[in-house]
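Before any comments, here is the structure.
The values are calculated or read from the model by the stated rules, or taken from the named source; none is laboratory data. It should be emphasised that the depicted structure is a prediction, and the values quoted were computed from it without experimental measurement. So basically every Cβ, Gly included, is an ideal-geometry build from the backbone, and we count neighbours across all protein chains shown. The accessibility values were calculated without ligands, DNA or RNA, using every heavy atom of the protein model including side chains. Shrake-Rupley method; radii C 1.70, N 1.55, O 1.52, S 1.80 Å.
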Amino acid sequence: RWKNGLGVTRTVDIAPEGADFDTFAWRVSMADVGEPTPFSPLPGVDRWLMPVAGSGFELTINGASYRPARGEVVRFSGDDEASGGASGSGSRDLNLMVRRPHAAADLRTLAIAANAPLAARTLAAHGGTVLAILLDGDAEVAGAKLSTFDAVRLGEDACETFETAAGCLLAVVSLAGR
């Protein structure tokens, strides 16, 4: 349940292990969003939002309007006054929240061409933890087939390879402790 009680989110990954909403250093989640609603104030938290499915998303931050396309990232502070919702029948968004000063982070998309394996250590080249979430296409990591919105957590010493026959699109969350 959202902190403001107006929606539901699903945690994809959180640190430290066993943390809750009030004690996380970082948190990645997905939410299905309908009608526009105010975001919960989250002082001291940096936020990233990426629409990943649905009819589109409308976001207002401190009075400025944004309509991020699927896979486009909007970064803002949990201190900001924000509201948002689907611009049509519904939207699913990927959220990254990082409590200052516990971690540095980034969220981006990465396309992998068909039959072009990618070493997981390439994603974690700067150290820290990487979370890769399959948005489109097919992918297999360490013999496990990923379905849409499946996630795999990789450390800086990752030796796995992303294999894809038809190509895929990943959301890539990079996290480094401070």
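Observations, loosely collected:
- Dividing the summed helix terms, -39500 (n - 2.57) for each DSSP H run of n ≥ 4, by the number of residues in the chain produces a 222 nm estimate of -500 deg cm²/dmol to the nearest 500.
- J(HN,Hα) series, region 104-115, from Karplus relation 6.51 cos²θ - 1.76 cosθ + 1.60, nearest Hz, glycine and proline x: 9, 8, 8, 9, 8, 9, 9, 8, 10, 5, 4, 6
- Equivalent ellipsoid semi-axes, the chain, via Cα gyration tensor eigenvalues times 5, rooted, Å: 27, 20, 13
- For region 54-61, Karplus couplings with θ = phi - 60° (6.51, -1.76, 1.60), whole Hz, Gly/Pro x: x, 8, x, 9, 10, 10, 10, 10
- The residues GLU140, GLU17, GLU81, sorted by heavy-atom accessible surface at 1.4 Å with ligands and nucleic acids left out, run GLU17, GLU81, GLU140 from largest to smallest.
- Extension gain for LEU110-THR161 works out to 16.9 nm (0.36 nm per residue, less the C-alpha to C-alpha distance).
- Remark: relative contact order (the chain) = 21 percent; criterion is Cα-Cα distance under 8 angstrom and separation of 6 or more residues.
- Loop sites in region 1-89: chymotrypsin sites (Phe, Trp or Tyr not before Pro), DSSP, at most 16 other Cβ within 10 Å: TRP2, PHE21
- Whole-Hz ³J(HN,Hα) from phi, Karplus 6.51 cos²θ - 1.76 cosθ + 1.60, for region 9-16, glycine and proline x: 10, 10, 6, 8, 7, 8, 9, x
- Charge dipole magnitude, Cβ of K and R +1, D and E -1 - the chain, Cα centre, debye nearest 20: 220 debye
- Relative contact order (%) - criterion: Cα under 8 Å, at least six apart; region: region 8-59: 30 percent
- Rg and Dmax, both from the Cα atoms of region 23-104 and both in Å, are 12.1, 37.
- Region 1-77 and region 97-155 have Cα centres lying 19 Å from one another.
- Accessible solvent surface per residue of the chain, calculated while the other protein chains remain in place, 1.4 angstrom probe, Å²: 49 Å²
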